[in-house]
Amino acid sequence: LLLKRAEYAKRQADFEKGLAISARMETEKQKQETENLNTLIKSLNEELDIKIIMQKISRYIFENYNIQYYGFYLVAKEKDKIEMVDAKLPELLTREDFEAIRKLNIPLLNVIGAHALAFKSGRALYLPRIRKSGATAEEIFVLEKCNFNSFLVIPLILQNDPIGFLDLSNAGKMELSKEDITRLSILGEQLAGIIYSSNLFKQVQEEKEKAIIAGKETELERSKS
């Protein structure tokens, strides 16, 4: 009986030791993730090129969260829709599908959709398993063409007002904890501030207008040929 008690006590001590080690490792992991985020934010504030900023964000989300794809949108002046500014999408997309997604305007008003919900609540919306019943036709188009299975919509908030969205997606499963979503939401807040506190906002608008003009010119050339 004494031997059994000793074995039980040893197993219990080993178990508690394992929990302590796991807790310490988790704390160290969270500390490292926070340091990585702070390093990224500092780096972003030193940039004036939206392409470079999004490249850094893309590298960060892949290295820290294994997230493969993103979409960066701005809310239109009328606040009734969002328009894509930049994105990293699956290579399986045809050029036609990519252009269709890039030109797509996702509605925010009088619709049931992920972006509309995040726009109203001002909070990130995490969908580890996408349900098409809660998406707009435009959102479904993107999800089906890109074959996305997981989705995180982060509103970019400035003075309590969403000015854009950062969409994070995976073709496979995307597993995010509450702490992960909190950090990514902080990244979204910083991105919103960077855009509005510099000439980036004007730059983004100009680049989008150039892209629209270039797209129209391409369509005109195709119609002539």
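Taking the stretch 57-68, which residues are open to solvent by 40 Å² or more (accessible area, probe 1.4 Å) and in contact with an Asp or Glu (Cβ under 9 Å, 6 or more places away or on another chain)? Answer for the stretch 57-68, where residues must be open to solvent by 40 Å² or more (accessible area, probe 1.4 Å) and in contact with an Asp or Glu (Cβ under 9 Å, 6 or more places away or on another chain): ASN64, ASN66. Taking the numbered list (1) of a type outside the set (A, V, I, L, M); (2) within 23 Å of GLY122 (Cα to Cα); (3) modelled with pLDDT of 90 or more; (4) loosely packed, with under 13 Cβ neighbours inside 10 Å in turn, ARG95 passes all entries but (2). Pairs linking a residue in the stretch 134-148 that is of a type in the set (Phe, Trp, Tyr) to a residue that is open to solvent by less than 30 Å² (accessible area, probe 1.4 Å), with Cβ atoms under 6 Å and 6 or more positions apart or on different chains, are PHE148/SER169. When LYS88, LYS77 are screened for being farther than 16 Å from LEU152 by Cβ and open to solvent by 30 Å² or more (accessible area, probe 1.4 Å), only LYS77 passes.
When PHE141 is tested against (1) at pLDDT below 90; (2) open to solvent by 60 Å² or more (accessible area, probe 1.4 Å); (3) over 17 Å from the mean Cα position of the chain (by Cα), just one condition goes unmet, and that condition is (1).
Considering only residues in the stretch 175-193 that are under 19 Å from GLY71 (Cβ atoms) and of a type in the set (S, T, N, Q), the one that is most open to solvent (accessible area, probe 1.4 Å) turns out to be GLN190.
Look through the stretch 101-134, keep the residues that are in a loop (DSSP other than H, G, I, E, B) and touching a Leu at 6+ places or on another chain (Cβ under 7 Å), and return whichever of them is farthest from LEU74 (Cα to Cα). Explain how you work it out, then say what you get.
Looking only at the stretch 101-134, we keep the residues that are in a loop (DSSP other than H, G, I, E, B), and these are 103-104, 108-113, 122-124, 128-131.
Filter once more, so that each one left must be touching a Leu at 6+ places or on another chain (Cβ under 7 Å): 124, 130.
On the way: ALA124: 15, ILE130: 23 Å.
So the residue we want is ILE130.
Does LEU109 satisfy the condition of being out of contact with any Gly (no Cβ under 6 Å at 6 or more places or on another chain) and either surrounded by fewer than 18 Cβ atoms within 10 Å (Cβ to Cβ) or farther than 27 Å from GLN190 by Cα (or both)? So LEU109 passes the test.
The values are calculated or read from the model by the stated rules, or taken from the named source; none is laboratory data. This is a predicted model, so every value here is computed, not measured. Heads up, the Cβs are rebuilt from the backbone with ideal geometry, glycines too, and the neighbour counts pull from every protein chain shown. These accessible areas exclude ligands, DNA and RNA; they are computed on the full protein's heavy atoms, side chains included. Shrake-Rupley method; radii C 1.70, N 1.55, O 1.52, S 1.80 Å.
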